[in-house]
Amino acid sequence: MNKMLLYPKLAVNGIKKNRRIYLPYILTCSGMIMMYYITSFLSMSSFVADIKGGDIMQMLLFLGCGVMVQFSAIFLFYTNSFIIRRRKTEFGLYNILGMDKRNISRILLWETLIIYVISTVVGISCGILFSKLAELALTKMLEGAASYAFNVEPRSIVQVLICYAGIFLLILISDLWQIRLANPIELMKSENSGEKPPKANYVLAVLGALLLGVAYFLAVYIKEPLSAVFVFFIAVLMVIAATYLLFISGSVAVCRTLQKNKKYYYKTNHFISVSQMAYRMKRNGAGLASICILSTMVLVTLSSTICLYIGEEDVLRLRYPRNFILDTYSVEEEMTSLTHKAAEDVLEEFGETPENVLHFSFLNITGGFEGDRVICDPDRANELSNSLNADIRQIYFVSLSDYNSIMGKNETLSDGETIIYTVNGDYNYNSITLDEFGTFEIKAKAEDFVTNGAAAVNVVPSVFLFVKDEAVIEELYELQLGIYGAAHSGMHDYYAFDLDCDEDKQIEINSEMLQNILQLTDEHPDDWNGVSLDCAANDKAEFYAMYGGLFFLGILLGSVFIAAAVLIMYYKQISEGFEDKAKFEILQKVGMTKTEIRKSINSQVLTIFFAPLAAAGVHMAFAFGIISRLLTLFGLTDAGLFAVVTLCCFMLFGILYTAVYLITSGSYYKIVSGRE
C-alpha cells in the first residue's frame, strides 16, 4: 500500500469504528461553525446595515461572534478529552505492534484534518443555507423591508476557516502532547484506569459552601442596579468555583454517607451504583458541575433575553409616554414659550394638532438617602454613593396644581406637607427631611402618576414629591443652586403630546421641529441650560435593534449552551458505559440479572443525573433578584413578567433535560448489558 495513503486510511477507519463518539462531536462542531457563520454574516451584511437600527444590531452580533468562538474553544477542548481517552487504548496497540509515536501523531493529524474539513464544509454550507432565513427574521425584528436576494459573505467564510483552524490546531497539539508523554502500557490501560478511592475533603466542601453562601448573599443583598453590574460578575465567578468544589468534594462526602447507611447501601441496585460513583467521583463531579453551570447559563441567557423581547413594547411606552417629548431646561417662562411656539409652528405647517397633551414643570435633584433623610452635601453624598448598597434616588419636585391637573384630583396641602409617589422603589417613612431645607410630612401616597418617561426606565429609583405651590419649588431651586453651584440642577418644563398620523410623518415632523429648536437656541445661547426633543417613532428602530439583537443573540448562544450540555451528558454516559461494561459482565457471571442491572443503572442515574438541574434551579432562584435589577438598566421593571418567563424556561429545559436522560441512560444500558 502506498505509504502516503496509509495514514489517511487508518484515520478514516479510526473515525468509522468510533463513530458513536465522533458523530456527535462532528455534528456539534458543524453546528457551532454554522451559528458562527450566521452571526458573522449578519454582523457584516450591508442589507442589515441599511435598515434603521441595523448598526446597533450588528455591533451586538459582532460581540456575539467573540463570545461564540471563545466558548467553542473551551467546549471543544473539553469534549475532545472524552474522545482522546477512549482512543488511547487503540493508539497503545498501534505502538506495541511497531508504530512509533511519530506514526501515531500522523494518524492524529489526519483525523483532526478530516474532522476539521467535514465540520467546516457542513457548518459553512448549513450556515449559508440558513443565513437568509436568519436575515429575514432579523429584518422582521427591525420592522424593515424584506429582501429576497441571496448573498454569501466571503469574509465570514474566511473568519470561520481561520478561527476554527486555530481551535483544531490547539486541540491537535494537546492530543500530541498527551501521546508523547504516555508509554504504551499506560495507553493500553488508560480507558480502564480507574481512580483511587477519593477521601471526602471536608475543607474544600466547606469552602465551596462558604463561597456559594457569600455569592447568594450578594445576589440578594445588592439593591442598587449600578452596583449590581459589578457584583453580578463577582458572584458568577464565586458560584462557578463553589459549584465545582461542592460537586467534586461534596458528592464524595454524599457517597461516603450513603455507604455508611446500611439500610440504603446494602441493596443490590444501590450497592453497585454507589460503590462505582465513590471510585469515580472526582471526574464525575467535574462533569456534573459543568452540566450545572451550562444549565444555569441556558436559563439566564434565554429567560433574560426573551423577557426583554416580550416586554419591549411596554418599555417603549414607559420611556415615551407620548409620541413627542419636549423638555426645556430654563427658569425663564419666556424661553419656554418660545420653545413651545417653535414646535407648534412645525405642527401647524404639517396640519397636525397635539393630542393627549402632558404638560408640567419640575425640579429634579439626585440625593443619597439615609432612612428618611436626604443627603444634599456633595462630599457626603459622594461618599455615600461609593458604598456597595447605596440608596441613591432621583427626586422630582412637582407643584400640587400640576398634579391635580394631570390626574384629575382635588388634593390640598398645608405648609410643610407633601404627597409622595415612588417609581422602582418604596418609601416607608412618614416624613422626608432634606438637608439645609427642612422636613416634609407625607400627607398621602399617590397611587399613580404619568411620569416623564426617563424616571420610569431610570437605573436608580425615583421619588416624586408634590409640594404646595411653585414658591416651594423656587425656594428649593435657590437652595440647591447655593449648594451645588455650577453643577446645580435646572428647572424643567415638560411638554409631551401625541399626533394622529403615521410614523413616517412623525419622523419628518421631528426633523423639522429639531431644526427650529436648534435655530432658536443659537439665537438665545445664554437663556437655556438645554433642550431635548424625543420622538418615539424616530427612536423606535434603535430601540427594537437593541432588544431584538439581544434576543437573537440569546437564542443563538442559548442553543450553543444547550448543545454543549447535551453533548457532555452524552459523553459522560457513553464513556462510563464502556468503563463499566467489563464490570457488569463479571457481575452477570456471578448471578446478577439484567433486570437488576437495569435497576442499578436507574438508581445511579437518578441519584446523580438530576442534581445539576436541581442546583441550576437553586442558582437561578437566588440570582432572580440581581438579574431583575440588571434588567432595569434596559428599562424593564416588570419582575412578574421575568418570573413567568424564567419559570417557563426552566420547565421547558427540564423536559429537554429529562429527554436527554432517557436517551443517554438507554445508551449506557445497551453498552453495559453487551447489546452493543
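The values are calculated or read from the model by the stated rules, or taken from the named source; none is laboratory data. None of these values were measured; they are calculated from a predicted model. Glycine also receives a Cβ, built like all others from the backbone with ideal geometry; neighbour counts cover every protein chain displayed. What goes into the accessible areas is simple: the full protein's heavy atoms, side chains included, and nothing from ligands, DNA or RNA. Shrake-Rupley method; radii C 1.70, N 1.55, O 1.52, S 1.80 Å.
Please tell me which of these pairs span more than 22 angstrom C-alpha to C-alpha: K16/K88; K267/K572; K140/K540; K16/K589; K17/K670; K341/K468?
Details: K16/K88 16 Å; K267/K572 25 Å; K140/K540 14 Å; K16/K589 31 Å; K17/K670 17 Å; K341/K468 29 Å.
Flagged as over cut-off: K267/K572; K16/K589; K341/K468.
In the full protein assembly as shown, how much of D50 is accessible to a 1.4 Å probe, in Å² to the nearest 10?
Here the residue's solvent-accessible area equals roughly 130 Å².
Could you size up the charge dipole of region 1-64 around its Cα centre, putting +1 on the beta carbon of Lys and Arg and -1 on that of Asp and Glu, and report it in debye to the nearest 20?
On the way: 7 positive and 2 negative charges, 155 e Å.
About 740 debye.
Once fully extended, how much extra length lies between E370 and L662, figured as 0.36 nm per residue of separation less the alpha-carbon to alpha-carbon distance?
Details: separation 292, 0.36 × 292 = 105.12 nm, distance 5.54 nm.
Contour length minus the Cα-Cα distance gives 99.6 nm.
How do V274, V450 rank by accessible surface area computed with a 1.4 Å probe, from largest to smallest?
On the way: V274 0, V450 45 Å².
Output order, biggest surface exposure first: V450, V274.
Once the Cα gyration tensor of region 16-118 is found, what semi-axes does its equivalent ellipsoid get, as square roots of 5 times the eigenvalues, in whole Å, sorted largest first? Kindly include the intermediate steps, with their values, before the conclusion.
Numbers: eigenvalues 318, 27, 24 Å².
Semi-axes, largest first: 40, 12, 11 Å.
How large is the accessible surface of E542 in square angstrom, using a 1.4 angstrom probe and rounding to the nearest 10?
Only protein atoms counted, so the area is about 90 Å².
With every protein chain kept in the model, how would you rank Y164, Y221 by accessible area, 1.4 Å probe, largest at the top? Intermediate values should be presented prior to the final figure.
On the way: Y164 0, Y221 100 Å².
Result of the area sort, largest leading: Y221, Y164.
Give, as a single signed number, the net charge of other residues whose beta carbon lies under 13 Å from the beta carbon of D415, with Lys and Arg counted +1 and Asp and Glu -1. Walk me through the intermediate numbers first.
On the way: positive: K443, K468; negative: E417, E441, D469, E475.
Neighbour charge sum, excluding D415 itself: -2.
For an R0 of 30 angstrom, estimate the FRET efficiency from the Cβ-Cβ distance between R256 and I173 and round to the nearest 0.05. Write out the running numbers ahead of the final one.
Values: r = 39 Å, r/R0 = 1.30.
The calculated FRET efficiency here is 0.15.
Using a simple spin-label model with points 7 Å from Cα along the Cα→Cβ vector, what separation in nm is obtained for V12 and H340?
8.4 nm
Which trypsin sites (Lys or Arg not before Pro) in region 304-338 sit in a loop by DSSP (not H, G, I, E or B) and have at most 12 other Cβ atoms within 10 Å of their own Cβ? Before the final figure, lay out each step's value.
On the way: sites: R317, R319, R322; in loops: R322.
Here no trypsin sites (Lys or Arg not before Pro) fit, given the DSSP loop and packing criteria.
Between the alpha-carbon centers of region 77-93 and region 602-670, tell me the distance in whole angstrom.
If you average the Cα positions of each part, the centres end up 31 Å apart.
Determine how large the accessible area of F62 is when every protein chain is in place; take a 1.4 Å probe and give Å² rounded to the nearest 10.
140 Å²
Using a 1.4 Å probe and counting only protein heavy atoms, arrange F360, F230, F130 so the residue with the most accessible area comes first. Don't skip to the end; give the middle numbers.
Working: F360 5, F230 140, F130 90 Å².
Most to least solvent-accessible, the answer reads F230, F130, F360.
Rounded to the nearest percent, how much of the accessible area of region 77-171 (1.4 Å probe, protein heavy atoms only) is carbon and sulfur?
Details: 3340 of 4710 Å².
The computed percentage sits at 71.
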